[in-house]
Amino acid sequence: MTPQPLPRDVFIDEIYHQAQQDKDVYFITADLGAQSLDRFRTELPNQFIHCGISEQTMIDVACGMAQNGKKVYCYAMACFATTRCYEQIKVALAVMDIPVTIVGVGVGYSYDNAGPTHYAIEDVSFMRCLGNIEIVTPVDTQTTRETARLTYNNPRLRYVRLDRKHLPDVYEQNDRSFITQGFVETDPGNEYVIVTCGYMHQQARKVRTLLKNHGLDIGIIDAYRVKPLDLEIVKTMLAKYNHIITFEEHFLSGGLGSIVAEVCADTGLLRQIHRIAIKDSYYCDNGGRDYLHSLSGLDTETVVNKILAIHTTQPLACR
């Protein structure tokens, strides 16, 4: 049986193919352990730099190389590619608007049994505070591969958020609407819509299936690009629904729910917004991702019950 492609390998392999033809492409990492990294390092040693466990150095080296015309990729675990070198990203890259791609693998609870040191459940909040940065979250193999191509063909300062595990297909092979729109209705519905991204899109589909048994047809929107947003596209997409439910493997403060609330406020869109996310608690328990979701209130049963409670308590005018 052919193993399912992991997001990091899909992304790195695509950049490897570009690097074979373009000697200005450089891959810098503070991590090892992926098969795709091994091939890159072995076959293109002059375009591969391992900085050791020193993410700050990785960003500074990338800055200097990009200023000299190189197309540079920085790769590490998402928790370390962001928090550990946040000042370097701000000062060396964002302030000067330097086109470097930061690839963070293992967003959310991807490293489920590694504990809070390895969770990336705050990254959207503080990375979007930076100026001159684009933030994207691929949701399947197609979006991961197309994101890699985007970073090569249109370099800019970007943070690419990759899950650690394989994600089932959401988009058709030639569908690039996530690139052009950044905010895509993948599953149409009535009255209620779940706005989510990445791994949680798969969980949202489970919720959607269960809610159909209760007579609710819930739409799903993939928030592939959370910064920058096309406010008109987002407003048009959300205006179709009376109730907007944001569903994220991220802290409640500053994440996708905050982004949607800000868009509604900025565009004058009056809608009921219900935010489902991680509250202000870190969990040190091992037991896998599903177990962490149960602790965080992100498991499908809890989410289904929350949405049913919303539905039954809303006055008819809101329904």
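So how many residues does region 58-78 have that are under 9 Å from Ile28 (Cβ atoms) and open to solvent by 30 Å² or more (accessible area, probe 1.4 Å)?
2
Strands (runs of 3 or more DSSP E) wholly in region 15-123 with at least 3 residues that are within 22 Å of the chain's Cα centre (by Cα) and hydrophobic (A, V, I, L, M, F, W, C) - which ones?
Where strands (runs of 3 or more DSSP E) fall fully within region 15-123 and carry at least 3 residues being within 22 Å of the chain's Cα centre (by Cα) and hydrophobic (A, V, I, L, M, F, W, C), they are 71-77, 100-105.
Counting just the residues of region 116-166 that are small (Gly, Ala, Ser) and open to solvent by 10 Å² or more (accessible area, probe 1.4 Å), which one comes out farthest from Met96 (Cα to Cα)?
Only one residue fits best here, namely Ser125.
Give all pairs with beta carbons closer than 8 Å in which a residue from region 160-184 that is farther than 12 Å from Asp230 by Cβ meets a residue that is among the charged types (D, E, K, R) and part of a loop (DSSP other than H, G, I, E, B); count only pairs at least 6 apart in sequence or on separate chains.
As it stands, the answer is Leu167/Asp140; Pro168/Asp140; Asp169/Asp140; Val170/Asp140; Tyr171/Asp140, since those pairs meet every condition given.
May I ask you to verify whether Arg176 is over 30 Å from Gly215 (Cβ atoms) and surrounded by 17 or more Cβ atoms within 10 Å (Cβ to Cβ)?
no
Can you spot a residue in region 236-244 that is within 19 Å of Asn190 (Cα to Cα), touching a residue at least 24 places away in the same chain (Cβ under 8 Å) and under 17 Å from the mean Cα position of the chain (by Cα)?
Within region 236-244, not a single residue is within 19 Å of Asn190 (Cα to Cα), touching a residue at least 24 places away in the same chain (Cβ under 8 Å) and under 17 Å from the mean Cα position of the chain (by Cα).
Being under 21 Å from Arg128 (Cα atoms), of a type outside the set (Phe, Trp, Tyr) and without any contact (Cβ under 8 Å) to a residue 12 or more places away in the chain narrows it down to one residue among Ala265, Ala261, Ala277, Ala309; which is it?
None of the other options fit; the residue is Ala265.
State all residues of region 259-311 that are farther than 21 Å from Lys165 by Cβ and polar (S, T, N, Q); if no residue qualifies, say none.
Correct list: Thr267, Gln272, Ser281, Thr302, Asn305.
Each row is one residue, and each column tells you yes or no for (1) assigned to a loop (DSSP other than H, G, I, E, B); (2) among the acidic types (Asp, Glu); (3) modelled with pLDDT under 95.
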site: Ala148; (1), (2), (3): no, no, no
site: Arg156; (1), (2), (3): yes, no, no
site: Val160; (1), (2), (3): no, no, no
site: Leu167; (1), (2), (3): yes, no, no
site: Gln173; (1), (2), (3): yes, no, yes
site: Ile179; (1), (2), (3): no, no, no
site: Gly182; (1), (2), (3): yes, no, no
site: Ile194; (1), (2), (3): no, no, no
site: Met200; (1), (2), (3): no, no, no
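Among the numbered criteria (1) open to solvent by 30 Å² or more (accessible area, probe 1.4 Å); (2) over 17 Å from Arg8 (Cα atoms); (3) of a type outside the set (Lys, Arg), which one does Asp169 miss?
(2)
Give, as residue ranges, the strands (runs of 3 or more DSSP E) completely inside region 210-319 that count at least 3 residues that are surrounded by 18 or more Cβ atoms within 10 Å (Cβ to Cβ).
Of the strands (runs of 3 or more DSSP E) lying wholly inside region 210-319, those with at least 3 residues that are surrounded by 18 or more Cβ atoms within 10 Å (Cβ to Cβ) span 219-222, 243-251, 272-278.
Quick one: how many residues across region 195-209 are without any contact (Cβ under 8 Å) to a residue 12 or more places away in the chain and open to solvent by less than 10 Å² (accessible area, probe 1.4 Å)?
The number of residues fulfilling the criteria is 0.
The values are calculated or read from the model by the stated rules, or taken from the named source; none is laboratory data. No experiment lies behind these values; they were computed from the predicted model shown. Cβ atoms come from the backbone with ideal geometry, glycine included; neighbour counts cover every protein chain shown. For accessibility, only protein heavy atoms count, side chains too; no ligands or nucleic acids. Shrake-Rupley method; radii C 1.70, N 1.55, O 1.52, S 1.80 Å.
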